[in-house]
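Student: For reference, the structure I am asking about is given below.
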Amino acid sequence: MPLLNDLSVPSDWIEPDDVPRPIVAYGVETTGAGGIALDLHRHAKGQIMLIQRGAISCEVEGGLWIVPPRSALWIPGGALHTVNATGLLEGYNAFVDPAAAAGLPQSCCAVSVTPLLREVLIRAASLPLFYEESGANSHLVAVLLDELAAARVELLHLPMPADARLRRIAADMLALPADRATLDVWAKRAGMSGRTLERVISRETGMSFGRWRQQLCVVLAVKWLAGGVSIQQVATNLGYESAPSFVTMFRKALGTSPRRYMAERRPSQTGSNQPRGSA
């Protein structure tokens, strides 16, 4: 299968659900500003998306997910989702047959990628589409499934409310995250009391309004940092008075500073692997 890239055409794509293999892996690469934009769709097979360079955002039934370099997103089979990415992107997809996914998470989650998981996924993407299912290939599939099951979950998820009033608030915040209006101001804009807003958002997201807005800042920060935006500019974009105050929030949320977080995800300059297959 050819690599899916900026010059690919629809005929390059073969629906993974139509391939009778426990795992079907592809590579993806974009080199221009166009990126990728896939509307709501679903697969019968579960999907793991590993990002090497760039970042993607996905909305999956009730949540927004940001996936930076050296992280991956697991989407269970049957889940409706969108995929969006802008600018340079390199990554790998693996679609897992439901019969082979019994030990994998039942809900969508972002996971950290170990070196072994990365290398096994890259190797799987180099297999022929209709590979032989015995010998070394069966061992490769088994290792990939074991590594996926053991992967550590990362906090790169923003629960998205279903309530129409809260969806408008969420859309406004995502469009203008520097707006640091209080809970009461946001409630008034949505035509409800502050108490009602707090109650509804807690019911629909499991978070307080303040915690939910902080998580929104985290996922946007990770997306922008992965795209090369400076820490100072990210802090400004999110409405923080200073970069140190943003760094403090980021460290509390993810356990490390923005600079270190991204340094750990920077692609190696040696032995770069190019993706094969399609996405």
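Student: Can you name every residue in region 94-108 that is in a strand (DSSP E or B) and either modelled with pLDDT under 90 or among the β-branched types (Val, Ile, Thr) (or both)?
Tutor: Across region 94-108, the qualifying residue is only 96.
Student: Right, something else. With the requirement that a residue be assigned to a loop (DSSP other than H, G, I, E, B), in contact (Cβ under 8 Å) with a residue 40 or more places away in the chain and closer than 16 Å to residue 42 by Cα, what does region 14-32 give you?
Tutor: 14, 19
Student: To continue, here is another question. I need every pair where a residue in region 56-78 that is within 11 Å of residue 91 (Cα to Cα) has its Cβ under 8 Å from the Cβ of a residue that is in a loop (DSSP other than H, G, I, E, B) and charged (D, E, K, R), sequence separation at least 6 or different chains.
Tutor: 68/265; 69/265; 69/266; 70/264; 70/265; 71/265
Student: Can you name the residue in region 195-239 that is closer than 22 Å to residue 168 by Cα and among the aromatic types (Phe, Trp, Tyr) and, of all such residues, is farthest from the chain's Cα centre (by Cα)?
Tutor: If we take residues in region 195-239 being closer than 22 Å to residue 168 by Cα and among the aromatic types (Phe, Trp, Tyr), then 209 is farthest from the chain's Cα centre (by Cα).
Student: Could you go through region 49-60 and let me know if any residue there is outside any strand (DSSP E or B) and modelled with pLDDT under 90.
Tutor: Looking through region 49-60, at least one residue is outside any strand (DSSP E or B) and modelled with pLDDT under 90.
Student: Go through 151, 175, 162 for me and flag whichever is without any contact (Cβ under 8 Å) to a residue 24 or more places away in the chain and not aromatic (Phe, Trp, Tyr).
Tutor: 175
Student: Being in a helix (DSSP H, G or I) and over 24 Å from residue 162 (Cβ atoms) is the requirement here; does residue 221 meet it?
Tutor: Yes.
Student: Within region 160-174, is even one residue under 21 Å from residue 106 (Cα atoms), at pLDDT below 95 and acidic (Asp, Glu)?
Tutor: The answer is no; no qualifying residue exists.
Student: I would also like to ask the following. Having 3 or more residues that are over 30 Å from residue 27 (Cα atoms) is the bar; report the helices (runs of 4 or more DSSP H) wholly within region 124-190 that clear it.
Tutor: Where helices (runs of 4 or more DSSP H) fall fully within region 124-190 and carry at least 3 residues being over 30 Å from residue 27 (Cα atoms), they are 164-175, 183-189.
Residues are listed down the side, and each one gets a yes or a no for (1) within 17 Å of residue 58 (Cβ to Cβ); (2) in the same structural domain as residue 238 (by TED's automatic domain parsing); (3) surrounded by fewer than 21 Cβ atoms within 10 Å (Cβ to Cβ); (4) in contact with a strand residue (DSSP E or B) (Cβ under 8 Å, 6 or more places away or on another chain):
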| site | (1), (2), (3), (4) |
| --- | --- |
| 92 | yes, no, no, yes |
| 96 | yes, no, no, yes |
| 99 | no, no, yes, no |
| 109 | yes, no, no, yes |
| 115 | no, no, yes, no |
| 122 | no, no, yes, yes |
| 136 | no, no, yes, no |
| 140 | no, no, yes, no |
| 178 | no, yes, yes, no |
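Student: Among the numbered criteria (1) of a type outside the set (Phe, Trp, Tyr); (2) within 24 Å of residue 61 (Cα to Cα); (3) loosely packed, with under 15 Cβ neighbours inside 10 Å; (4) modelled with pLDDT of 95 or more, which one does residue 184 miss?
Tutor: So residue 184 meets the others, but not (2).
The values are calculated or read from the model by the stated rules, or taken from the named source; none is laboratory data. Predicted model only: the values in this text are computed from it and were never measured. With ideal geometry, Cβ positions are generated from the backbone for all residues, glycine too; neighbour counts draw on all protein chains shown.
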